[in-house]
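Here is the structure we will look at, set down as C-alpha coordinates.
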Amino acid sequence: MPYINRDWKRSPDLIDTTQGVIMKSTRAFGVEVECQYSDDRQIEALDENIDENIGIGSDGSINGIGVEIRTPPASGKNGENMIRTLCVNLNRYDFAVDNSCGLHVHIDASDMKMKVNEQDGYKLAQNYWLFYIVMDDVIRSFLPPSRRKNHYCKPCESVYNAVHSATSLHDLMNIYESTDPTLLDPTSIIKYKDPTRYRGINLISLWKEWHAEIRYHNGTLQGERILHWAYLHCLIMDKIMDGTITLAWIESMRATKGLSVKSKALYAILGMNKPTEIYLKARQIKFSTIISKLLSTEVIENLQLLQDNSN
(Lines give C-alpha, C1' and ligand atoms only; values in the text may rest on other atoms or scores of the structure.)
Protein backbone atom coordinates (compact mmCIF):
# COMPACT_ATOMS: atom_id res chain seq x y z
CA MET A 1 0.00 0.00 0.00
CA PRO A 2 1.59 3.28 -1.03
CA TYR A 3 1.84 6.06 1.50
CA ILE A 4 -0.10 8.26 -0.93
CA ASN A 5 -3.31 7.03 -2.56
CA ARG A 6 -5.15 9.34 -4.94
CA ASP A 7 -7.58 8.93 -7.84
CA TRP A 8 -6.92 10.20 -11.33
CA LYS A 9 -9.11 13.06 -12.58
CA ARG A 10 -10.23 14.08 -16.03
CA SER A 11 -8.99 17.44 -17.29
CA PRO A 12 -9.91 19.20 -20.55
CA ASP A 13 -6.45 20.76 -20.51
CA LEU A 14 -4.93 17.37 -21.32
CA ILE A 15 -6.95 16.93 -24.52
CA ASP A 16 -5.06 18.41 -27.46
CA THR A 17 -5.53 18.19 -31.23
CA THR A 18 -1.94 19.28 -31.87
CA GLN A 19 0.36 16.41 -32.81
CA GLY A 20 3.37 15.62 -30.66
CA VAL A 21 6.79 14.42 -31.76
CA ILE A 22 5.77 10.76 -31.45
CA MET A 23 2.00 11.03 -30.90
CA LYS A 24 0.91 11.81 -34.45
CA SER A 25 -2.51 10.39 -33.60
CA THR A 26 -4.64 12.75 -31.53
CA ARG A 27 -6.85 9.98 -30.13
CA ALA A 28 -7.07 10.13 -26.33
CA PHE A 29 -5.11 7.57 -24.35
CA GLY A 30 -4.08 6.88 -20.78
CA VAL A 31 -1.53 4.57 -19.20
CA GLU A 32 -1.04 2.58 -16.02
CA VAL A 33 2.64 2.44 -15.14
CA GLU A 34 3.44 -0.36 -12.71
CA CYS A 35 6.64 0.24 -10.76
CA GLN A 36 8.35 -0.11 -7.38
CA TYR A 37 9.76 2.08 -4.66
CA SER A 38 11.45 1.46 -1.32
CA ASP A 39 10.90 4.57 0.81
CA ASP A 40 7.79 6.62 1.58
CA ARG A 41 9.79 9.76 0.84
CA GLN A 42 9.91 8.73 -2.83
CA ILE A 43 6.13 8.49 -3.11
CA GLU A 44 5.67 11.77 -1.22
CA ALA A 45 8.06 13.56 -3.59
CA LEU A 46 6.27 12.09 -6.60
CA ASP A 47 2.90 13.17 -5.22
CA GLU A 48 4.12 16.74 -4.90
CA ASN A 49 5.71 17.01 -8.34
CA ILE A 50 3.50 15.26 -10.89
CA ASP A 51 0.35 16.55 -12.57
CA GLU A 52 -2.43 16.78 -9.98
CA ASN A 53 -4.73 14.83 -12.32
CA ILE A 54 -2.55 11.71 -12.28
CA GLY A 55 -3.58 8.97 -9.87
CA ILE A 56 -1.44 6.85 -7.56
CA GLY A 57 -2.57 3.47 -6.26
CA SER A 58 -1.27 0.20 -4.86
CA ASP A 59 -0.77 -3.00 -6.88
CA GLY A 60 -0.33 -6.34 -5.16
CA SER A 61 0.86 -8.14 -8.30
CA ILE A 62 4.24 -6.35 -8.24
CA ASN A 63 7.33 -7.59 -6.39
CA GLY A 64 8.42 -5.52 -3.41
CA ILE A 65 6.42 -2.35 -2.72
CA GLY A 66 4.37 -2.00 -5.87
CA VAL A 67 2.61 1.11 -7.06
CA GLU A 68 0.53 1.87 -10.13
CA ILE A 69 0.62 5.35 -11.63
CA ARG A 70 -2.63 6.03 -13.53
CA THR A 71 -2.88 8.86 -16.01
CA PRO A 72 -6.18 10.41 -17.11
CA PRO A 73 -7.23 10.52 -20.77
CA ALA A 74 -4.93 12.81 -22.72
CA SER A 75 -4.11 13.37 -26.37
CA GLY A 76 -1.71 14.94 -28.83
CA LYS A 77 1.11 17.17 -27.68
CA ASN A 78 -0.34 17.67 -24.20
CA GLY A 79 -0.62 13.92 -23.68
CA GLU A 80 2.94 13.44 -24.87
CA ASN A 81 4.23 16.13 -22.51
CA MET A 82 2.33 14.58 -19.61
CA ILE A 83 4.04 11.20 -20.16
CA ARG A 84 7.49 12.71 -20.59
CA THR A 85 7.19 14.82 -17.43
CA LEU A 86 5.81 11.90 -15.42
CA CYS A 87 8.73 9.67 -16.42
CA VAL A 88 11.28 12.37 -15.62
CA ASN A 89 9.90 12.45 -12.08
CA LEU A 90 9.69 8.66 -11.73
CA ASN A 91 13.36 8.43 -12.61
CA ARG A 92 14.33 11.47 -10.53
CA TYR A 93 12.90 9.84 -7.40
CA ASP A 94 14.43 6.42 -8.12
CA PHE A 95 11.36 4.37 -8.93
CA ALA A 96 12.18 1.07 -10.61
CA VAL A 97 10.68 -1.77 -12.66
CA ASP A 98 11.36 -5.50 -12.92
CA ASN A 99 9.74 -8.43 -14.70
CA SER A 100 6.72 -8.31 -12.39
CA CYS A 101 5.81 -4.84 -13.68
CA GLY A 102 3.62 -4.18 -16.69
CA LEU A 103 2.46 -1.21 -18.72
CA HIS A 104 -1.23 -0.94 -19.58
CA VAL A 105 -2.36 1.44 -22.31
CA HIS A 106 -5.98 2.61 -22.48
CA ILE A 107 -7.28 3.68 -25.89
CA ASP A 108 -10.37 5.86 -26.22
CA ALA A 109 -13.15 4.30 -28.32
CA SER A 110 -15.93 6.83 -27.78
CA ASP A 111 -16.26 7.23 -31.56
CA MET A 112 -16.89 3.48 -31.83
CA LYS A 113 -19.61 3.79 -29.18
CA MET A 114 -21.38 6.43 -31.28
CA LYS A 115 -21.45 4.15 -34.34
CA VAL A 116 -21.93 0.71 -32.83
CA ASN A 117 -25.74 0.91 -32.73
CA GLU A 118 -25.97 1.90 -36.39
CA GLN A 119 -26.71 -0.77 -38.98
CA ASP A 120 -23.67 -3.10 -39.05
CA GLY A 121 -21.95 -0.79 -36.53
CA TYR A 122 -20.96 -3.82 -34.44
CA LYS A 123 -18.56 -4.75 -37.24
CA LEU A 124 -16.15 -2.07 -36.03
CA ALA A 125 -15.77 -3.90 -32.71
CA GLN A 126 -15.70 -7.21 -34.58
CA ASN A 127 -12.86 -6.11 -36.87
CA TYR A 128 -11.00 -4.63 -33.92
CA TRP A 129 -11.05 -7.97 -32.10
CA LEU A 130 -10.24 -9.98 -35.23
CA PHE A 131 -7.25 -7.71 -35.86
CA TYR A 132 -5.73 -8.50 -32.46
CA ILE A 133 -6.44 -12.22 -32.86
CA VAL A 134 -4.70 -12.33 -36.24
CA MET A 135 -1.82 -9.96 -35.36
CA ASP A 136 -1.20 -11.30 -31.83
CA ASP A 137 1.98 -13.06 -32.97
CA VAL A 138 3.37 -9.86 -34.49
CA ILE A 139 2.63 -7.80 -31.38
CA ARG A 140 4.21 -10.46 -29.17
CA SER A 141 7.32 -10.35 -31.34
CA PHE A 142 7.88 -6.84 -29.91
CA LEU A 143 7.84 -8.20 -26.35
CA PRO A 144 10.49 -9.77 -24.09
CA PRO A 145 10.06 -13.39 -22.94
CA SER A 146 8.68 -12.22 -19.58
CA ARG A 147 5.53 -10.92 -21.33
CA ARG A 148 5.03 -13.49 -24.07
CA LYS A 149 3.62 -16.12 -21.71
CA ASN A 150 2.59 -13.89 -18.83
CA HIS A 151 -0.59 -14.77 -16.88
CA TYR A 152 -1.65 -11.12 -16.88
CA CYS A 153 -1.54 -10.72 -20.68
CA LYS A 154 -2.57 -14.11 -22.06
CA PRO A 155 -2.89 -14.61 -25.83
CA CYS A 156 -6.06 -13.65 -27.64
CA GLU A 157 -7.70 -17.09 -27.73
CA SER A 158 -8.17 -18.69 -31.10
CA VAL A 159 -11.85 -17.94 -31.54
CA TYR A 160 -11.48 -16.39 -34.97
CA ASN A 161 -14.30 -18.39 -36.57
CA ALA A 162 -16.75 -17.64 -33.75
CA VAL A 163 -15.93 -13.91 -33.80
CA HIS A 164 -16.06 -13.83 -37.59
CA SER A 165 -19.55 -15.38 -37.50
CA ALA A 166 -20.95 -12.95 -34.90
CA THR A 167 -23.88 -10.82 -36.06
CA SER A 168 -24.20 -8.39 -33.15
CA LEU A 169 -22.31 -6.73 -30.33
CA HIS A 170 -24.18 -9.03 -27.96
CA ASP A 171 -22.70 -12.04 -29.78
CA LEU A 172 -19.21 -10.63 -29.41
CA MET A 173 -19.66 -10.00 -25.70
CA ASN A 174 -20.92 -13.54 -25.14
CA ILE A 175 -17.98 -15.05 -27.02
CA TYR A 176 -15.44 -12.98 -25.10
CA GLU A 177 -16.77 -13.94 -21.68
CA SER A 178 -17.61 -17.55 -22.50
CA THR A 179 -15.77 -20.63 -21.23
CA ASP A 180 -17.34 -22.85 -23.91
CA PRO A 181 -14.50 -24.87 -25.49
CA THR A 182 -16.59 -25.52 -28.61
CA LEU A 183 -16.00 -21.90 -29.61
CA LEU A 184 -12.33 -22.59 -30.13
CA ASP A 185 -11.12 -23.08 -33.68
CA PRO A 186 -10.34 -26.76 -34.37
CA THR A 187 -6.64 -26.06 -34.93
CA SER A 188 -6.23 -24.19 -31.66
CA ILE A 189 -3.89 -25.54 -29.00
CA ILE A 190 -4.80 -22.71 -26.62
CA LYS A 191 -7.48 -23.47 -24.04
CA TYR A 192 -9.72 -21.04 -22.23
CA LYS A 193 -8.63 -20.79 -18.60
CA ASP A 194 -11.09 -18.27 -17.24
CA PRO A 195 -13.25 -15.44 -18.59
CA THR A 196 -11.12 -12.64 -17.14
CA ARG A 197 -9.65 -9.41 -18.39
CA TYR A 198 -6.12 -10.81 -18.19
CA ARG A 199 -5.41 -10.99 -21.91
CA GLY A 200 -3.18 -9.00 -24.21
CA ILE A 201 -6.19 -6.82 -24.87
CA ASN A 202 -9.08 -6.41 -22.42
CA LEU A 203 -12.29 -6.07 -24.43
CA ILE A 204 -14.63 -6.03 -21.45
CA SER A 205 -13.59 -2.42 -20.90
CA LEU A 206 -14.31 -1.74 -24.58
CA TRP A 207 -18.01 -2.46 -24.59
CA LYS A 208 -18.67 -1.56 -20.96
CA GLU A 209 -16.67 1.70 -20.75
CA TRP A 210 -15.72 2.29 -24.41
CA HIS A 211 -11.99 2.23 -24.06
CA ALA A 212 -9.73 -0.73 -24.83
CA GLU A 213 -7.13 -1.76 -22.26
CA ILE A 214 -3.92 -3.02 -23.88
CA ARG A 215 -2.07 -5.23 -21.40
CA TYR A 216 0.71 -6.70 -23.57
CA HIS A 217 3.62 -4.51 -22.58
CA ASN A 218 6.42 -4.83 -20.05
CA GLY A 219 7.02 -2.20 -17.40
CA THR A 220 9.14 0.78 -18.31
CA LEU A 221 9.93 4.23 -16.92
CA GLN A 222 11.13 5.57 -20.28
CA GLY A 223 8.69 8.09 -21.66
CA GLU A 224 9.74 7.51 -25.28
CA ARG A 225 8.90 3.82 -25.05
CA ILE A 226 5.53 4.43 -23.43
CA LEU A 227 4.68 6.90 -26.18
CA HIS A 228 5.65 4.45 -28.93
CA TRP A 229 3.26 1.88 -27.46
CA ALA A 230 0.46 4.41 -26.98
CA TYR A 231 0.91 5.68 -30.53
CA LEU A 232 0.88 2.15 -31.98
CA HIS A 233 -2.42 1.23 -30.35
CA CYS A 234 -4.04 4.63 -31.00
CA LEU A 235 -3.10 4.20 -34.65
CA ILE A 236 -4.64 0.72 -34.79
CA MET A 237 -7.92 2.10 -33.46
CA ASP A 238 -7.71 5.03 -35.90
CA LYS A 239 -7.30 2.67 -38.87
CA ILE A 240 -10.17 0.47 -37.73
CA MET A 241 -12.44 3.48 -37.39
CA ASP A 242 -11.55 5.13 -40.71
CA GLY A 243 -11.92 1.87 -42.62
CA THR A 244 -8.26 1.45 -43.57
CA ILE A 245 -8.09 -1.89 -41.75
CA THR A 246 -10.86 -3.90 -43.40
CA LEU A 247 -12.16 -7.40 -42.87
CA ALA A 248 -10.62 -8.34 -46.22
CA TRP A 249 -7.18 -7.18 -45.02
CA ILE A 250 -7.59 -9.08 -41.75
CA GLU A 251 -8.55 -12.23 -43.65
CA SER A 252 -5.50 -11.85 -45.87
CA MET A 253 -3.28 -11.62 -42.78
CA ARG A 254 -4.83 -14.76 -41.37
CA ALA A 255 -3.88 -16.56 -44.57
CA THR A 256 -0.36 -15.09 -44.53
CA LYS A 257 2.45 -17.28 -43.24
CA GLY A 258 5.62 -15.84 -41.80
CA LEU A 259 6.19 -13.24 -39.11
CA SER A 260 8.38 -11.09 -41.34
CA VAL A 261 5.72 -10.77 -44.06
CA LYS A 262 2.97 -9.99 -41.55
CA SER A 263 5.17 -7.42 -39.82
CA LYS A 264 5.85 -5.60 -43.10
CA ALA A 265 2.13 -5.60 -43.84
CA LEU A 266 1.41 -4.10 -40.41
CA TYR A 267 3.91 -1.27 -40.90
CA ALA A 268 2.45 -0.59 -44.35
CA ILE A 269 -1.23 -0.51 -43.34
CA LEU A 270 -0.62 1.69 -40.29
CA GLY A 271 1.71 4.17 -42.02
CA MET A 272 3.26 5.00 -38.68
CA ASN A 273 5.97 7.58 -38.04
CA LYS A 274 9.53 6.40 -38.65
CA PRO A 275 10.77 6.63 -35.02
CA THR A 276 8.06 4.19 -33.87
CA GLU A 277 8.63 1.86 -36.82
CA ILE A 278 12.37 1.81 -36.06
CA TYR A 279 11.67 1.15 -32.39
CA LEU A 280 9.40 -1.80 -33.15
CA LYS A 281 11.80 -3.32 -35.68
CA ALA A 282 14.64 -3.03 -33.19
CA ARG A 283 12.52 -4.81 -30.58
CA GLN A 284 11.86 -7.64 -33.01
CA ILE A 285 15.56 -7.97 -33.69
CA LYS A 286 16.35 -8.00 -30.00
CA PHE A 287 13.78 -10.63 -29.07
CA SER A 288 13.59 -12.82 -32.17
CA THR A 289 16.45 -14.89 -33.54
CA ILE A 290 14.30 -15.71 -36.57
CA ILE A 291 14.01 -12.06 -37.57
CA SER A 292 17.72 -11.54 -36.87
CA LYS A 293 18.62 -14.26 -39.36
CA LEU A 294 16.58 -12.54 -42.07
CA LEU A 295 18.40 -9.22 -41.75
CA SER A 296 21.94 -8.27 -42.60
CA THR A 297 24.40 -7.36 -39.85
CA GLU A 298 24.54 -3.80 -41.18
CA VAL A 299 20.76 -3.39 -40.99
CA ILE A 300 20.69 -4.79 -37.44
CA GLU A 301 23.47 -2.48 -36.26
CA ASN A 302 21.84 0.57 -37.84
CA LEU A 303 18.44 -0.18 -36.31
CA GLN A 304 19.96 -0.77 -32.89
CA LEU A 305 21.92 2.49 -33.15
CA LEU A 306 18.81 4.43 -34.15
CA GLN A 307 16.85 2.93 -31.24
CA ASP A 308 19.61 3.77 -28.76
CA ASN A 309 19.79 7.36 -30.02
CA SER A 310 15.99 7.79 -29.77
CA ASN A 311 15.93 6.74 -26.11
For segment 221-248, how many residues meet the condition of being part of a helix (DSSP H, G or I), over 17 Å from Lys123 (Cβ atoms), of a type outside the set (Phe, Trp, Tyr) and touching a strand residue (DSSP E or B) at 6+ places or on another chain (Cβ under 7 Å)?
4
Considering every residue within segment 251-274, establish whether at least one is surrounded by 17 or more Cβ atoms within 10 Å (Cβ to Cβ), in contact with a His (Cβ under 7 Å, 6 or more places away or on another chain) and at pLDDT 90 or above.
no
Those residues of segment 198-220 which are of a type outside the set (Val, Ile, Thr), under 18 Å from Ser61 (Cα atoms) and in contact with a strand residue (DSSP E or B) (Cβ under 7 Å, 6 or more places away or on another chain), in sequence order
Tyr198, Arg199, Gly200, Asn202, Glu213, Arg215, His217, Asn218, Gly219
With the checklist (1) at pLDDT below 95; (2) over 26 Å from Ser110 (Cα atoms) in hand, flag the one item Arg215 doesn't pass.
(2)
So in segment 68-102, with the set limited to residues that are modelled with pLDDT of 95 or more and assigned to a strand (DSSP E or B), which one is nearest to Gln36 (Cα to Cα)?
Ala96
Has segment 49-61 got any residue that is under 21 Å from the mean Cα position of the chain (by Cα), at pLDDT below 95 and surrounded by 17 or more Cβ atoms within 10 Å (Cβ to Cβ)?
yes
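The values are calculated or read from the model by the stated rules, or taken from the named source; none is laboratory data. Not measured: the values here are computed from a predicted model. Counting neighbours? That spans all protein chains shown, and the Cβs are built from the backbone with ideal geometry, glycine included.
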